[in-house]
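This report concerns only the one structure given below.
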Amino acid sequence: MPRIVAGWAGSLQLAVPPDGTRPTSDRTREAIFSMLEARDAIEGAAAVDLYAGSGALGLEALSRGAASVVLVEKAPRAAKVIRDNVGRMRRAAPGPLDASVVQHAVSTWLATAAPGIGLAFLDPPYSISDEQVLGDLAALLPLLTDDAVVLLERSSRSGDPALPPGLELVRTRSKGDTAVHLLVPAAS
């Protein structure tokens, strides 16, 4: 069972869907959040967790100081697990918690989402094509703040991701079969 690694909810256990998800390991999440903290990208950010699975990435961001998170997951069973995990976080929270769960396809949610996203996590199943991930990144780009950070998880065997114009790769860290790509809006 994954847990929140740090912040006000540190060590809180999270449930995972029984099938169809690949939870990000605690060690990989630690590496992800180390990269984000080095860029001062968490505190006060409006975050989204796309292909949320258990919601661990978005909920970790809340625990570490993000202002809000939207957790987007299409699978009904996974969305229910995320709602349960948000409930656990609310019971542990020192104050109000701005977290919402949206049960839609990522592309559907992105088509109607409001701009102002400062932190985005994309952890799609490895079976999702690079073309679909590219489309999601292109749809996400106009919703990002100028100083936003996007974390994309893919198989380490995939190589560098294809990116839409306006988004650039800053860093890649690999842990086992997972590669984490740190992306930012390109400077104009």
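The values are calculated or read from the model by the stated rules, or taken from the named source; none is laboratory data. Keep in mind that this is a model prediction, so the values were computed, not measured. Every residue, glycine as well, gets a Cβ built from its backbone with ideal geometry; the counts of neighbours run over all protein chains shown. SASA here: full protein model, heavy atoms, side chains in, ligands and nucleic acids out. Shrake-Rupley method; radii C 1.70, N 1.55, O 1.52, S 1.80 Å.
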- Student exercise, segment 100-181 dipole from Lys, Arg, Asp, Glu Cβ charges, in Debye to nearest 20: 200 debye
- Positive-pole candidate from 113, 125, 9, dipole of the chain, charges at beta carbon: 9
- So how long is each side of the chain along the principal axes, counting just the alpha-carbon atoms, biggest first, in Å? 42, 33, 33
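Grab the other residues whose beta carbon is less than 13 angstrom from that of residue 43, score K and R as +1, D and E as -1, and report the net.
The answer is -1.
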- Query: Given a 1.4 Å probe and the protein chains all in place, what does the accessible area of residue 146 round to, in Å² to the nearest 10?
  - Reply: 150 Å²
- Alpha carbon centroid spacing (whole Å) that separates segment 127-148 from segment 38-62: 16 Å
- Item | Within the chain: Cβ-based charge dipole about Cα centre, in debye rounded to nearest 20 (Lys, Arg +1; Asp, Glu -1) | 660 debye
- Note on the structure: The helix 26-38 Cα axis meets the longest alpha-carbon principal axis of the chain at an angle in degrees, between 0 and 90 and rounded to 10, of 70 degrees
- Query: So what is the calculated 222 nm ellipticity per residue for the chain, using -39500 (n - 2.57) for each DSSP H run with n of 4 or more, over all residues, to the nearest 500 deg cm²/dmol?
  - Reply: -9000 deg cm²/dmol
- Query: When the dipole is taken about the Cα centre of segment 1-88, and only Lys, Arg (+1) and Asp, Glu (-1) are charged at their Cβ, what size is it in debye, to the nearest 20?
  - Reply: 280 debye
- Query: Each residue of segment 48-61 in turn: what ³J(HN,Hα) in whole Hz from Karplus with 6.51, -1.76, 1.60 and θ = phi - 60°, glycine and Pro shown as x?
  - Reply: 10, 10, 8, 6, 5, x, 9, x, 4, 5, x, 6, 4, 4
- Task: Would you mind checking the tilt of helix 76-92 against the longest principal axis of the Cα atoms of the chain, expressed as 0 to 90 degrees and rounded to 10?
- Result: 60 degrees
- Can you give the % of DSSP beta bridges in the chain that are antiparallel, to the nearest 5? 45 percent
- The value for segment 1-84 (convex hull of the alpha-carbon atoms, volume per residue, Å³) is 81 Å³
- Message: Tell me the net charge near residue 97. Cut-off is 10 Å between Cβ atoms, residue 97 excluded, with +1 for each Lys or Arg and -1 for each Asp or Glu.
- Response: +1
- Item | Residue with peak Gaussian network fluctuation, the chain [Cα springs, cutoff 10 Å], from 88, 77, 157 | 157
- Item | Under 11 Å, Cβ to Cβ, from residue 59 - net charge with Lys/Arg +1 and Asp/Glu -1 | +3
- Message: Please compute the Kirkwood hydrodynamic radius over segment 74-152, one decimal place, Å, based on all pairs of different Cα atoms.
- Response: 14.2 Å
